[in-house]
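Step one of this worksheet: look at the structure below.
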Amino acid sequence: MSSDRRKPYPFDLFEPRWQAYWAANETFRVRNPGEPGFDASRPKYYVLDMFPYPSGAGLHVGHPEGYTATDIIGRYKRMNGYNVLHPMGWDSFGLPAEQYAIKTGQHPEITTAQNIASFKTQLNKIGFAYDWSREIATSSPDYYRWTQWIFLKLYNAWFNPESNRAEPISTYTGEKPDSVRLAYVSEAPVNWCPELGTVLANEEVIDGKSEVGGFPVERRPMRQWMLRITAYGHRLIDELDGLDWPESIKLLQRNWIGRSEGASVDFRLAPETGLERTITVFTTRPDTLYGATYMVLAPEHRLVDEIVTEEQWPAVRDYREKTARKSDLERTELSKEKSGVFTGAYAINPVNGERVPVWIADYVLLGYGTGAIMAVPAHDSRDLEFAQKFDLPIRVVVLAPGQDEAGSIGFCGDGTATGSALIDALPTPEAKRTLIDWLEANGHGKRSINFKLRDWLFSRQRYWGEPFPILWENGQHRPLPEGELPLTPPPLSDFKPTGTPEPPLSKAPEWVRYSESATRELNTMPQWAGSCWYYLRYCDPRNANRFVSKEAEAYWMGGGKPGGVDLYVGGTEHAVLHLLYARFWHKVLYDLGELTTPEPFQRLVNQGIILGEDGQKMSKSRGNVVNPDDVIAQYGADAFRLYEMFMGPLEQMKPWSMTGVEGVSRFLARVWRLVLEENQAGEWVLGPVSAEVEPDKAQLRVIHASIKKVSEDIEGLCFNTAIAQMMVYVNAFTAKTPRPLCALRTLLVLLNPFAPHITRELWERLDQHFPGGPQGEIEDQPWPSFDPALLVEDEVEIVIQINGKTRDKQVVPLQADRAAIEALALENERVKEAIAGKSVKKVIVVPGKLVNIVAV
RNA sequence: GCCGGGGUGGCGAAAUUGGCAGACGCGCCAGACUUAGGAUCUGGUUCCGCAAGGAGUAGGGGUUCAAGUCCCCUCCCCGGCACCA
């Protein structure tokens, strides 16, 4: 006997055949408005996956989970008469691709091309209905030419606070346009990762380590390109409201942007300092101003140098040096114990003219607010801790509900103002308002909104990314002329990071030198640049004149309110990275009149991660990684797809199970044998199928209930229950022969989005035996509709409860009214038995469902 | 610490407005067909109990004729943020 197991149905023969057929016929190609073959009568549906970065590890079973979900939706919408845009491409610039190239000692251009090829082969083996004519790669010059073009748009724009939107820099009338550009150069301290040899954005640093590789990150001042995402803080928060996104993701973005409302307050320095300066602080609690008994500056704050007194200099210098040596990680880890030093200077509290000492302490961060605080120890736990340690006064100015002064220490909620002349006895919200009004009227401060979000550090000291279309001359930057795009990187053989902040592009002096007096910018853009707008390029991927044509953008991204991609599926890991950056770019382009919608992704769904069979996260070191290729070789692509969807709810984390794959594979084999049977020679021939036989009443009910359930479940992305319903369908037809042809055809159409190969094969076989059936290919069949009348049964089984406990069940006519059901129930033998000797207090009848008899 | 999302059989999970808890699948048990079965088909399978019956959706309380579902408290798991003034 041969040792290799017989396949339950010959998927290995027909799956590759249909895949080749779809590719050769461009079955899933979709046309743009104006192109021949475009059908304007159909509505559009844009369904998008987060495109993968083609790593060397290849596809794992997590990728196709979301991809299968969108594939089902795309095929389903297509059968429902939509023009479906369902593209795929490659996020091929950036750190992961470059790290892989360095590891294998090959040029990233080569490894990237190889990885893309193998990813594509893998995806095609799963039978996805992509329009491959729209394939894009962020590292191809045709693509990044427009990434660079968009960067120049940002460079040549500013955010006008009057109009609350981006405008061309030409509308700026101030002195220093370079200080307002959306893309600008900054010298601020940045996250430098020596191991990766590049700086990183805040969003790419997790617990003081790089998101890629987990290497230590340190702060150091460097000249870098920044994008002014903070200008969009309001809109990035406010416009989340209209999006159909998981609340959890919206919340992550809200928290990350971190909007707080309050006031900025100016404290003048005390007269003896001889300085006409103010310290401005941000506070969310202006009502506690009377309780401000000291101030704290961040150790790095610029004012420190000016205000510190002679005798405090040594202590201050010492403290600053210690702080500077700490990494961000240490600074937060050692946060338990408060530390700080008095500067020797005093400031004047504007509400009561009191002199308050000014300290420096590392619990105040330079990067948030103004880098200075007014400390209210009675109502802020950090200030309290600090005040107790350094014996600073603690003054209660807010009474907690039902508490006296002593009991209000440490209280930070809403209460009643006390010991605060201007606002005494006012409840907190009113006290805030009143005090801000007073500050504004007297020129001591103003209403203010502060964001945690910081500008986006946009340059990297790496090779494998988009070069900046920027030239330097006499220390001044200017844009590269648009006609010189794309700006391709020099073909370096040694592209490795230099180990210093000097970018590797500096290794190509001829490339760097632009003219006698001008040189090129040496930094490259981060990986996120390409993914910020790829969904736009899919709309018109070969356009050589624009990043996307107006018509294509209006068609695929427009329509509906607020429009955009109709369904976007991907992991949560991009919540505050890609999903925030892309919204930002999109809004800028929208403001500049390049786009028709303010938001890119109308509906977002996160697929849950797939764990290994052991319930642990899949990883090479655990040896629990499942490779799609292996599963497909053994069970076929349809079984693989179906299992991915049958595992459980799309958004949930769930473990892989090979026996589960076997289960859905058995189901598909039952579908196969519903239509075909094996003859003596081992060939699959038509089984007991009849065109004459009609489904019986019960079968009709299953057919129509299934059409309803499968349709609703696909719309709701509940694929697991849709599949369960199709299993019920198959079970209802296996026992009885001959099988009605029409029922089988309907089943194949319902199942087609999930298992496109087997349904296509069986559809063809039925066509051969029963010519003259429905016209066209199964992929183009109209989605079936159900007849509600056929769902209704003549009789229903109702439950008979006594005191809420089920005692019996009884079949009654559907039309039976309350009285009839009650009468029937009281006649019931079991009921009579149970209520003997008791009195019936109440009878609740829910027609079609149950009777509950309350008896005591 | 704060903010989210969860906790239902041996396992993955189902369960409109509160209305038969456990659909569907895995696994397991029994049987049929077979030279054979890791194929296929049929039946069973929440727990305790021979049974009648009882218990049961993390735990405790409440509302209700009726609670997985609504309200209050507690515990546990997962994710995020974390000196954000």
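The values are calculated or read from the model by the stated rules, or taken from the named source; none is laboratory data. Just so you know, these numbers come straight off a predicted model, no measurement behind them. Please note: Cβ atoms are built from the backbone with ideal geometry, for glycine as well, and neighbour counts cover all protein chains shown. Each accessible area value is taken on the protein alone, full model and side chains, heavy atoms only, with ligands, DNA and RNA left out. Shrake-Rupley method; radii C 1.70, N 1.55, O 1.52, S 1.80 Å.
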Could you tell me how many degrees, from 0 to 90 and to the nearest 10, lie between the Cα long axis of helix A:741-751 and the main elongation axis, the longest principal axis, of the Cα atoms of chain A? 10 degrees
At a threshold of 8 angstrom on Cα-Cα distance, excluding pairs fewer than six apart, so keeping six or more, what relative contact order does chain A reach in percent? 13 percent
Hey, what's the stretch A:648-700 come to in accessible area per residue, 1.4 Å probe, Å²? 51 Å²
For helix A:818-827, report the angle its Cα long axis makes with the longest principal axis of the Cα atoms of chain A; keep it between 0 and 90° and round to the nearest 10°. 70 degrees
Could you name the lysines in cross-link range of A:Lys832, using Cα to Cα under 20 Å and dropping any fewer than eight places away on the same chain? A:Lys805, A:Lys809, A:Lys841, A:Lys842
Modelled label-to-label distance, A:Asp391 and A:Ser118, 7 Å Cα→beta-carbon offset: nm? 6.9 nm
Cα-based radius of gyration of chain A once divided by 2.2 N^0.38 Å, which approximates compact folds: 1.19
Among all the lysines, which ones have a C-alpha under 17 Å from A:Lys389's C-alpha, if same-chain residues fewer than 8 places away are not counted? A:Lys336, A:Lys338
If I model a spin label as a point 7 Å beyond the Cα along the Cα-Cβ vector, how far apart are those points for A:Leu791 and A:Arg666 in nm? 3.0 nm
Could you work out what % of the accessible surface of chain A is carbon and sulfur, using a 1.4 angstrom probe and leaving DNA, RNA and ligands out of the count? 51 percent
Ordering A:Met226, A:Met557 by how much accessible area each has at a 1.4 Å probe, largest first, what is the list? A:Met226, A:Met557
For the peptides A:770-782, A:378-390, A:206-218, A:522-534, what is the packing order when you average, over each peptide's residues, the other Cβ atoms within 10 Å and list the highest mean first? A:522-534, A:378-390, A:206-218, A:770-782
Helix A:578-591 sits at what angle to the longest principal axis of chain A, using alpha carbons and giving 0 to 90 degrees rounded to 10? 80 degrees
Relative contact order [Cα under 8 Å, 6+ residues apart], the stretch A:412-485, whole percent: 13 percent
Simple spin-label estimate for A:Glu311/A:Glu613, 7 Å along Cα→Cβ, in nm, reads 7.6 nm
Please get the size of the charge dipole for chain A, origin at its Cα centre, with Cβ charges of +1 on Lys and Arg and -1 on Asp and Glu, quoted in debye to the nearest 20. 860 debye
Using 0.36 nm per residue, how much length does the chain from A:Gln106 to A:Glu187 gain when fully extended, once their Cα-Cα distance is taken away? 25.7 nm
Do the sum for chain A: with -39,500 (n - 2.57) for every DSSP H run of n ≥ 4, divided by all residues, what is the mean residue ellipticity at 222 nm, to the nearest 500 deg cm²/dmol? -10000 deg cm²/dmol
Computed from the beta carbon distance with a Förster radius of 25 Å, FRET efficiency for A:Gln775 and A:Ala691 to the nearest 0.05 stands at 0.95
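Under a 1.4 Å probe, what is the accessible area of the stretch A:578-621 per residue, stated in Å²? Kindly include the intermediate steps, with their values, before the conclusion.
Working: 1430 Å² over 44 residues.
Result: 33 Å² of accessible area for each residue.
Could you state the accessible area per residue of the stretch A:736-800 in Å², with a 1.4 Å probe and every protein chain left in place?
It amounts to 41 Å² per residue over the stretch A:736-800.
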Place a +1 charge on the Cβ of each Lys and Arg in the stretch A:377-536 and a -1 charge on the Cβ of each Asp and Glu, then give the dipole magnitude about the Cα centre in debye, rounded to the nearest 20. 380 debye
In the neighborhood of A:Leu567, defined by Cβ-to-Cβ distances under 10 Å, what is the net charge if each Lys or Arg adds +1 and each Asp or Glu adds -1? -1
